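The values are calculated or read from the model by the stated rules, or taken from the named source; none is laboratory data. The structure presented is a predicted model; accordingly, all values stated were derived computationally and were not measured. Note that each Cβ is placed from the backbone with ideal geometry, even for glycine, and that neighbours are counted across all protein chains shown. Heads up: the accessible areas ignore ligands, DNA and RNA and are worked out on the full protein's heavy atoms, side chains in. Shrake-Rupley method; radii C 1.70, N 1.55, O 1.52, S 1.80 Å.
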Amino acid sequence: MWRQRPDAQESARKMWDCLGRQLSESWTLKPAAWLLRMASAFQGTGLQRPAGGADDGEAGTASEWANVISAIREAVEKNHLQSADPGLVPMCMALVEVPDPQSLAILEKIEKEHPSRKAQGIAALGLSMLLKTLGDEGDVMRRRLSMLRKAIIESAEIELDGVTVAKIAEDELYVISHLSKGRVAPELSGADVAGRTMKLSAYKGKVVVLLFWATWNGDVDQLLTMADKLREKNREKPFELVGVNSDTTGTLRQLVAGGEVKWPNFSDPDRKLAAEY
């Protein structure tokens with residue numbers, strides 16, 4: 001099934017062929033939001049063209065995806081900043097996935113100028129999430145909290161991909177309170193692959209990379225190589241890579257027994273620890 005999965009880049013290319021000349025139309029907002037998410041993810045891989053297609057099988061470049069992103073954002077800024085179309089909601093969240101000053105500026109305009117207070121609230125949520133990329137300094141944190149407060153007041157009941165703004169804001173507040181610079185990391189208690197009790201606090205005093213992963217989620221060979229390089233690079237330092245693995249316990253045991261995983265892991269087949277953290 002993995003080998004036969006749809007080609008996401010090809011789907012994105014077809015979507016762009018449909019939308020590229022019509023971005024001023026309000027109906028394009030929702031599919032353009034999906035395309036913006038895809039283009040952001042694909043920037044480093046290039047725009048793939050189908051063999052024997054209209055483009056003679058030529059592969060595009062990361063700059064082509066950058067052009068797609070630029071065109072969508074320009075269309076939003078020019079035509080849709082005050083749109084009443086429900087597609088503006090997913091567009092605000094898609095802008096969060098392109099973390100740069102232009103996305104920030106568009107969300108700021110929607111948050112300040114849109115006639116709908118609910119739309120302002122969604123943009124405020126997006127701003128708070130995007131501001132995470134600027135660091136944990138006091139002025140940034142205060143602004144994030146201010147935007148979360150507005151999002152909750154104006155748009156708490158609105159759902160984004162089946163999750164309410166109130167729930168997303170709750171998660172963001174958790175990050176601010178527990179997972180930001182200067183905070184004490186929350187405890188994480190569970191069992192390792194052998195069923196022995198394991199706690200995150202056992203590594204206090206070290207720099208810890210907490211890696212949530214599974215073999216079914218992406219390129220596991222690349223991930224394991226990255227993990228080995230990270231551990232080797234910090235071998236002489238007070239450092240530990242700690243995994244939270246969502247495979248079955250049997251799968252994790254095979255990886256450990258085969259020497260592919262050489263670092264401690266919480267066994268989390270039901271993803272309870274991941275959800276908790």
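List of remarks:
- Flag if Ile122 is over 20 Å from the mean Cα position of the chain (by Cα), open to solvent by less than 40 Å² (accessible area, probe 1.4 Å) and not small (Gly, Ala, Ser): no
- Within the set Ala66, Ala75, the sole residue that is at pLDDT below 95, within 21 Å of Thr28 (Cα to Cα) and assigned to a helix (DSSP H, G or I) turns out to be Ala66.
- Qualifying strands (runs of 3 or more DSSP E) (wholly inside segment 171-240; at least 2 residues being under 30 Å from Arg149 (Cα atoms) and without any contact (Cβ under 8 Å) to a residue 24 or more places away in the chain): none
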